[in-house]
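The values are calculated or read from the model by the stated rules, or taken from the named source; none is laboratory data. Fair warning: this is a prediction, and the values are worked out from it, not measured in the lab. Note that each Cβ is placed from the backbone with ideal geometry, even for glycine, and that neighbours are counted across all protein chains shown. Heavy atoms of the whole protein, side chains included, go into the accessibility calculation; ligands, DNA and RNA do not. Shrake-Rupley method; radii C 1.70, N 1.55, O 1.52, S 1.80 Å.
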Amino acid sequence: VDDVYWSYQARWAKGKVPVTINARMDKLTNRYWRGLLKSGRALVPAQGWYEWTGEKGHKQPWHIHRRDGAPLFMLALANFGGFTEHRAEAGFVLVTDDASGGMLDIHDRRPVVLDALDAETWLDPALSSEEALAFARRAALPSDAFEWHAVSTLVNRAGLGGPEVVQPVDTESE
């Protein structure tokens, strides 16, 4: 377990490519992500994630989690080379893929999530980049493994947290 900055930008890309928080699974073999796919595979454990819908100033947060309540193991890529002058160079990104089914109503992309047993395989350094990517595509949990509900806009306020922020709310009264 490590405390890593959530964002990444390769040193050579500064001023050319923006700092990013996600890496599209279909782009992981390109020059930008290739090195991290080889030696920077990581996991972000979580109970769920948030997405927002609606117009600016009236955004509704949604909590997305596994239907069975099991923990999520979100695929990530990270540069574990230590912090440098350029903080984002030593950060991490979540690996995302296209959303499908009803999840499209919330967002068009989603984190790639594995079961606990499959998560160990993603981290195996003996797995080549190509094998890791093929494995991630096969083992990723499908959209129907998740459910979501509207949550309070309290989740939008930094410093507020706790189990109450993930409780379902009636979107009519929010």
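Looking only at residues in the stretch 1-15 that are part of a helix (DSSP H, G or I) and not small (Gly, Ala, Ser), which one is most open to solvent (accessible area, probe 1.4 Å)? Reasoning before the result, please.
At the first step, the residues of the stretch 1-15 found to be part of a helix (DSSP H, G or I) are 11-13.
Among the residues that remain, those that are also not small (Gly, Ala, Ser) are: 11-12.
Values: 11: 154, 12: 103 Å².
Here the residue is 11.
Can you pull out the residues in the stretch 115-152 that are touching a Phe, Trp or Tyr at 6+ places or on another chain (Cβ under 6 Å) and among the aromatic types (Phe, Trp, Tyr)? If the condition is that a residue be touching a Phe, Trp or Tyr at 6+ places or on another chain (Cβ under 6 Å) and among the aromatic types (Phe, Trp, Tyr), then 148 is the only one that fits. For residue 18, the conditions (1) touching a helix residue (DSSP H, G or I) at 6+ places or on another chain (Cβ under 8 Å); (2) open to solvent by 80 Å² or more (accessible area, probe 1.4 Å); (3) at pLDDT 90 or above; (4) under 15 Å from residue 91 (Cβ atoms) are fulfilled apart from (1).
Would you check if there is a residue in the stretch 18-28 being touching a residue at least 12 places away in the same chain (Cβ under 8 Å), in a helix (DSSP H, G or I) and on the phi < 0 side of the Ramachandran plot? There is at least one residue in the stretch 18-28 that is touching a residue at least 12 places away in the same chain (Cβ under 8 Å), in a helix (DSSP H, G or I) and on the phi < 0 side of the Ramachandran plot.
Where residues in the stretch 77-90 are within 21 Å of residue 25 (Cβ to Cβ) and surrounded by 21 or more Cβ atoms within 10 Å (Cβ to Cβ), which of them is modelled with the highest pLDDT? Selected residue: 77.
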